[in-house]
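Here is the structure we will look at.
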Amino acid sequence: MRKLISTLAITGLTLGVAGTAVAGSHGDMIKEGQDVYHGKSRGNCIACHEISDPIANQAGNVGPMMIAMKARYPNKAELRAQIWDATAKNPLSIMPPMGKHNILTEDEIDAVVEYIYQY
Amino acid sequence: MKKIATIAAVAALTASSLTMAQSFQEAFDMNRAMYGAGATFEWNGKSYNTSYIEEELASKPANQANAQALFDAAKAKLAEVREAGFAWRDNVKYLKQAKEALEAGEYQKSMDLAARSHLQSRVGLEQAETAKNEWILAVPPLN
Amino acid sequence: MKIIKTTLLAMSVAALSQTAMAAKTGATLSTVDPEADRIALQEYMKDRFPDTPVSEYVNGIYAVDAASRAQWEEIEEFPPYELDLEEGEELFNEQFANGKSLADCFDNGGEGIRQNYPMWNDERKTVVTLEMAINECRLQNGEKPYGWKKGPIAKVSAYMAYTSRGNEFVIDIPNDDAKAAYLDGKKFFYTKRGQLNLSCADCHLTGTNRLVRADRPSPALGHSTHFPVVRSKWGNIGTIHRRYEGCHRDSRSEFLKVQSETYRNLEYFQTYMSNGLVVNGPGSRK
């Protein structure tokens, strides 16, 4: 089990670096994440989750507000997993499995994670 | 810790939930969920990566034979998920576009589209399987 | 990692006990209990909206959302379905080429009977919706059937609902075959589907009256009482199956044909849930 953990940790690190390199600067990634979050034909996350970004328009309240993300998810990878498939933890979750169901690409999910992790 | 052990024992007795929690699919999904595509993980002592079968097939050499094979596989998968009643909105669209690209000799484009259609059909079938046991959980119980 | 493992364990235990509990509410033909389901749904809504009497659920979202209710009441003062009702009445009374009319195909001349539909037909072993009965009547009398989703079918159905206003729904499940159809509808209602992994219940039970952007999904209880409806989004009157198709599509599924067996079973389930509530169709909705 411990071996698995270290493998995971290393992989996470490597991917994190590689991911950033591919997507350009951290700022670009956040901009992309913002676009995915608020775009009606993209993630449309705002339909259910409020966020205190001035550009937010007609935020829904089906899901929790995007607040204190670092405290709620000290491990960023777990936040990513929650977006990828919320039904893994709660089979009844209304949240569409954004990654598992191929709604967003893996890069788009990475970008959204960076965007909401600021809040 | 003793408490956890007891819970685990109960769970193991009641059903095979323990082995289910550690199935390959669960391990794969957990790692893909946390780290995306191209990560590696260990399961039962062996090393695997988090790429989908579709991603591997679509990265084969882009030629007519490979594109045709992937298109055929995607077409069969769509028929299967339709039969189960769980086809998604866009599967058929991707498949049609894959066919057009194949006929136009745009093999890589065709393979990417067929891969996407196949993936959505495959996950739709998983969804159908999951639903069999889980739909009832959503029914409000009579108190 | 220990934390993850513990969480996984705890979750599987929770899932197991949930299954045990839910089994009581009936996932199989031998255990399904429509009356228990109906009462449980009412209890659920009472719990969520303690200030809303059960009889109010015929008004959809306006039963639970005071803000949009005022607006809706204003609209209902000059109902947008008034012309449809007039046309529906004319169509209802229209003589077929053979001299008969719709009235000849229904009990009580087709007046005040909405509350019995959808109805189990035991000879055919299938659920017959009001719209299906209307079109079959036309076919049997040598007339062309109407289109299923809007226009004449919705107008005739609206008129027939109007003559039944105030009557309590009394959907009957006479035997095990009928119960199997009910169970199929119930299963469809609670099953997650489509790329968005949404069940009817996700929006209309768990998510009811919550904001999805600026929209609030209506509560599942009383869903079929007020159809057909003039929907602002449609700009005209439509049947409940038209709405089913739209909802199904919104989950990003390949949707079914209106009046398909599955949608008819769904309507059977939903209308059974409305037993005891009154017919108040046609209605107007956002």
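The values are calculated or read from the model by the stated rules, or taken from the named source; none is laboratory data. The shown structure was predicted, so the numbers you read here are calculated from the model rather than taken from an experiment. Virtual Cβ from ideal backbone geometry, glycine too; neighbours counted across all protein chains shown.
Among the residues making up region B:94-143, those that are of a type in the set (A, V, I, L, M, F, W, C) and away from chain C (no Cβ under 14 Å) are B:98, B:101, B:102, B:104, B:111, B:113, B:114, B:115.
Return yes when residue C:96 is farther than 18 Å from residue C:244 by Cβ, hydrophobic (A, V, I, L, M, F, W, C) and not in a helix (DSSP H, G or I) and no when it is not. Taking the combined requirement at face value, the residue satisfies it. A count restricted to region C:27-50 and to residues that are under 20 Å from the mean Cα position of the chain (by Cα) and without any contact (Cβ under 8 Å) to a residue 40 or more places away in the chain stands at 7. Of the candidates A:40, A:100, the single residue that is away from chain B (no Cβ under 11 Å), part of a loop (DSSP other than H, G, I, E, B) and among the basic types (Lys, Arg) is A:40. Scan region A:62-99 for residues that are surrounded by fewer than 20 Cβ atoms within 10 Å (Cβ to Cβ) and under 17 Å from residue B:130 (Cα atoms) and the total you get is 7. Taking the numbered list (1) without any contact (Cβ under 8 Å) to a residue 60 or more places away in the chain; (2) touching a Gly at 6+ places or on another chain (Cβ under 8 Å); (3) closer than 21 Å to residue C:270 by Cβ in turn, residue C:133 passes all entries but (2). Residues that are at pLDDT 95 or above, within 28 Å of residue C:88 (Cα to Cα) and surrounded by 20 or more Cβ atoms within 10 Å (Cβ to Cβ) do not occur anywhere in region C:191-208. The listed residues are C:263, C:272, C:268, and the only one of them that is out of contact with any Pro (no Cβ under 8 Å at 6 or more places or on another chain), more than 22 Å from residue A:103 (Cα to Cα) and at pLDDT 95 or above turns out to be C:263.
Taken residue by residue, region C:223-239 has at least one member that is buried (at least 19 other Cβ atoms within 10 Å of the Cβ) and in contact with a Leu (Cβ under 7 Å, 6 or more places away or on another chain). Please verify whether residue C:229 is among the β-branched types (Val, Ile, Thr) and in contact with a helix residue (DSSP H, G or I) (Cβ under 7 Å, 6 or more places away or on another chain), treating the condition exactly as stated. No; evaluated as a whole, the condition is false for this residue.
Could you list, in sequence order, the residues of region C:36-94 that are touching a helix residue (DSSP H, G or I) at 6+ places or on another chain (Cβ under 7 Å) and polar (S, T, N, Q)? C:42, C:52, C:68 - these are the residues of region C:36-94 that are touching a helix residue (DSSP H, G or I) at 6+ places or on another chain (Cβ under 7 Å) and polar (S, T, N, Q). Pairing each residue of region A:62-76 that is under 30 Å from residue C:204 (Cα atoms) and away from chain C (no Cβ under 12 Å) with any residue that is hydrophobic (A, V, I, L, M, F, W, C) and assigned to a loop (DSSP other than H, G, I, E, B), provided the two are 6+ apart or on different chains, yields C-beta distances under 6 Å for A:66/A:51. Restrict the check to region B:33-41 and report whether at least one residue is in contact (Cβ under 8 Å) with a residue 24 or more places away in the chain, among the β-branched types (Val, Ile, Thr) and out of contact with any Cys (no Cβ under 8 Å at 6 or more places or on another chain). No: zero hits.
Every condition in (1) farther than 24 Å from residue C:196 by Cβ; (2) within 14 Å of chain C (Cβ to nearest Cβ) holds for residue B:91 except the one numbered (1). Just the residues that are closer than 15 Å to residue C:128 by Cβ and not aliphatic (A, V, I, L, M), please, taken from region C:160-174. Once the filter is applied, which keeps residues that are closer than 15 Å to residue C:128 by Cβ and not aliphatic (A, V, I, L, M), region C:160-174 yields C:172, C:174. If the condition is being surrounded by fewer than 18 Cβ atoms within 10 Å (Cβ to Cβ) and of a type in the set (Gly, Ala, Ser), then region C:127-154 contributes C:142, C:147, C:151.
Among the residues of region C:188-210, just one is free of Cβ contacts under 8 Å to residues at least 60 places away in the same chain, among the charged types (D, E, K, R) and not in a loop (DSSP other than H, G, I, E, B), namely C:202. Take residue B:54 and decide whether it is within 14 Å of another protein chain (Cβ to nearest Cβ), farther than 30 Å from residue C:187 by Cα and crowded, with 18+ Cβ neighbours inside 10 Å. When the stated conditions are applied, residue B:54 passes them. Just so you know, in region A:105-118 the residues that are away from every other protein chain (no Cβ under 11 Å) and assigned to a loop (DSSP other than H, G, I, E, B) include one that is surrounded by the most Cβ atoms within 10 Å (Cβ to Cβ), and it is A:117. Does any residue of region B:118-125 turn out to be surrounded by 17 or more Cβ atoms within 10 Å (Cβ to Cβ) and not in a helix (DSSP H, G or I)? No, region B:118-125 contains no residue that is surrounded by 17 or more Cβ atoms within 10 Å (Cβ to Cβ) and not in a helix (DSSP H, G or I).
Restricting attention to region C:246-286, the residues that are of a type in the set (Asp, Glu) and crowded, with 21+ Cβ neighbours inside 10 Å add up to 1. When A:30, A:51 are checked against the criterion of being at pLDDT 95 or above, assigned to a helix (DSSP H, G or I) and of a type in the set (A, V, I, L, M, F, W, C), A:30 stands alone in meeting it. Can you find a residue that is part of a loop (DSSP other than H, G, I, E, B), within 14 Å of another protein chain (Cβ to nearest Cβ), in contact with a Cys (Cβ under 9 Å, 6 or more places away or on another chain) and in contact (Cβ under 8 Å) with a residue 24 or more places away in the chain anywhere in region C:214-232? Yes, region C:214-232 contains a residue that is part of a loop (DSSP other than H, G, I, E, B), within 14 Å of another protein chain (Cβ to nearest Cβ), in contact with a Cys (Cβ under 9 Å, 6 or more places away or on another chain) and in contact (Cβ under 8 Å) with a residue 24 or more places away in the chain. Does region C:247-266 hold any residues that are within 30 Å of residue A:44 (Cα to Cα) and in a loop (DSSP other than H, G, I, E, B), and which are they? Hits for region C:247-266 are C:251, C:252, C:254, C:255, C:256, C:257, C:258.
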